[in-house]
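Here the structure comes first, spelled out in structure tokens, and everything after it is commentary.
The values are calculated or read from the model by the stated rules, or taken from the named source; none is laboratory data. Because the structure is predicted, anything quoted here is derived from the model rather than measured. Using ideal geometry, Cβ is built from the backbone for each residue, glycine included, and neighbour counts are taken over all protein chains shown.
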Amino acid sequence: MFDTKMVERIGELKKERNAVILAHNYQPPAIQDIADLVGDSYELSVKASQTEAEVIVFCGVHFMAETAYILAPEKTVLLPEKLAGCPLADTITAEQLKEFKQEYPSHAVVTYVNSSAEVKAESYVCVTSSNALKVINSLETDKILFTPDKNLGMYLGNKTEKEVRVWDGYCITHERVTVEEVKRAREEHPDALIIVHPECPPEVTRLADEALSTGGMIRLGAETSYDKIIVGTEMGLIYRLSKENPGKEFKLLSPGLVCPNMKYITLDKVVESLENLKGQVTVPDEIAVKAREALERMISVPSGD
């Protein structure tokens, strides 16, 4: 149920704190509705680096709030729920990456933004799913170590002529999508466009009509002539797609496409965070400096699917 009083209180607190609310596309509808910007990791990273607000309330998961702090260390960055983590980011540590680098010393480390600050600091450049291919192709080296998502890494390896070695990590939500679900969707909805996230298994992305970042899905949803689109990414995106394209029908490809971590943040937690500056996220300077270099290299390459 829509809580008008709570929404009004958030508006008051935003003015008092000179705050901006950033929300990822996978956040619950109520959070998307009160956000100043709803976007993918790339869009939110850029906004965090450019905002004039003194306080950034990041409605997403921990690595996103870390990224905001790294890019804007003079700001107060709040994550309203400390338990909102990312299992994909947890699949690699800085020590593991150091060992991986020692195995392939001539390779450049390209790290998905879905990673800890410590891992970013051990990387040459970060990427999001929306600009990863452009970043990889912009590098002078032809040898890449891609961390931590193996599915995105293999997808990129098939799109570039460069050698891409991948870390064995994955998103537990996107990994659940099966070939059988894509085939079933094709049979039940022959008139629909099927789009999936490149974090899905390779056999799934090969069967889909398009593999896109969430930002790419938003653009395609507005531009496509299809009236029915089957969406293979976290369920939160369906709300935004439907809201912005009321004349089209969007269906979730798999019932397993739910990320519990993305659902932890609620309106009352945003209020509490703003009232008490609760959930501050910081990164030690020695890590932030190195991680910032990798992120700034990412931002210097335009996004686009």
Original post:
Is it the case that T111 is within 20 Å of Y69 (Cα to Cα), modelled with pLDDT under 95 and buried (at least 23 other Cβ atoms within 10 Å of the Cβ)?
Top reply: no
Subject >> Test for I21: is it surrounded by 21 or more Cβ atoms within 10 Å (Cβ to Cβ), touching a helix residue (DSSP H, G or I) at 6+ places or on another chain (Cβ under 8 Å), closer than 18 Å to T67 by Cα and at pLDDT 95 or above >> reply: yes
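What residue, of K251, K263, is charged (D, E, K, R), closer than 27 Å to G85 by Cβ and surrounded by fewer than 22 Cβ atoms within 10 Å (Cβ to Cβ)?
None of the other options fit; the residue is K263.
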Original post:
Residue check, E244 against (1) more than 18 Å from the chain's Cα centre (by Cα); (2) in contact (Cβ under 8 Å) with a residue 40 or more places away in the chain; (3) more than 22 Å from T128 (Cα to Cα), all met but one. Which one?
Top reply: (2)
Subject >> Only one of V164, V204 that is β-branched (V, I, T), over 18 Å from the mean Cα position of the chain (by Cα) and either surrounded by fewer than 18 Cβ atoms within 10 Å (Cβ to Cβ) or in a helix (DSSP H, G or I) (or both) >> reply: V204
Original post:
Can you find even one residue in region 66-76 that is surrounded by fewer than 23 Cβ atoms within 10 Å (Cβ to Cβ), outside any helix (DSSP H, G or I) and in contact with a Cys (Cβ under 8 Å, 6 or more places away or on another chain)?
Top reply: no
Subject >> The listed residue being assigned by TED's automatic domain parsing to the domain that holds N151 and either over 22 Å from L267 (Cβ atoms) or in contact (Cβ under 8 Å) with a residue 40 or more places away in the chain (or both), out of V55, V110 >> reply: V110
Original post:
What pairs can you find where one residue is in region 5-23 and within 13 Å of S273 (Cα to Cα) and free of Cβ contacts under 8 Å to residues at least 60 places away in the same chain, the other is surrounded by 13 or more Cβ atoms within 10 Å (Cβ to Cβ) and of a type in the set (S, T, N, Q), and their Cβ atoms are less than 7 Å apart, with a gap of 6+ or different chains?
Top reply: V20/T51
